[in-house]
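The values are calculated or read from the model by the stated rules, or taken from the named source; none is laboratory data. Predicted, not measured: the structure shown is a model, and the values here were computed from it. Ideal geometry is used to build each Cβ from the backbone, glycine not excepted, and the neighbour counts take in all protein chains shown.
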Amino acid sequence: MARPVEAQAERDPGLQPERTSLAWGRTVLGYVVVATVCLKLAALEGASVAVAAVAYLGIAIVVALRRARYYRRDLRRLQAGGTPPPVLEVLALSAVTAALAAHWLWLVRR
């Protein structure tokens, strides 16, 4: 179903970077939650879980620090008319998130 011409003209180009920034924020929150649970389990499970918790916290810090910069950069690119997607960054974060999920499943299944 096509949108009316008026609705397309009213589109705010600043919303897409804002949604992306919010998604990065949820990703950071997810890493922090899993890291917290891993730290809590470290007393029972051993040093490997504590190392994983530190790694998750490190990833969360890196993503959080870069989030504001990405937002500003994407907003500038969108306003300039071209926004090539950050393919390598998305693939890297996806790989880390998949590793997080696999590790979490391994902890739950033990």
Worksheet item: Taking region 31-46 only, how many residues are surrounded by 13 or more Cβ atoms within 10 Å (Cβ to Cβ) and without any contact (Cβ under 8 Å) to a residue 60 or more places away in the chain?
Response: 6
Practice prompt. Look through region 4-50, keep the residues that are of a type in the set (S, T, N, Q) and more than 27 Å from Asp74 (Cβ to Cβ), and return whichever of them is modelled with the highest pLDDT.
Written response: Thr36
Discussion item. Can you list residue pairs whose Cβ atoms sit under 8 Å apart, with the first residue in region 47-76 being farther than 18 Å from Ala102 by Cα and the second being of a type in the set (D, E, K, R) and assigned to a helix (DSSP H, G or I)? Count only pairs 6 or more apart in sequence or on different chains.
Written reply: Tyr71/Glu18
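In this structure, does Tyr56 turn out to be of a type outside the set (Gly, Ala, Ser), closer than 20 Å to Ala42 by Cα and crowded, with 16+ Cβ neighbours inside 10 Å?
yes
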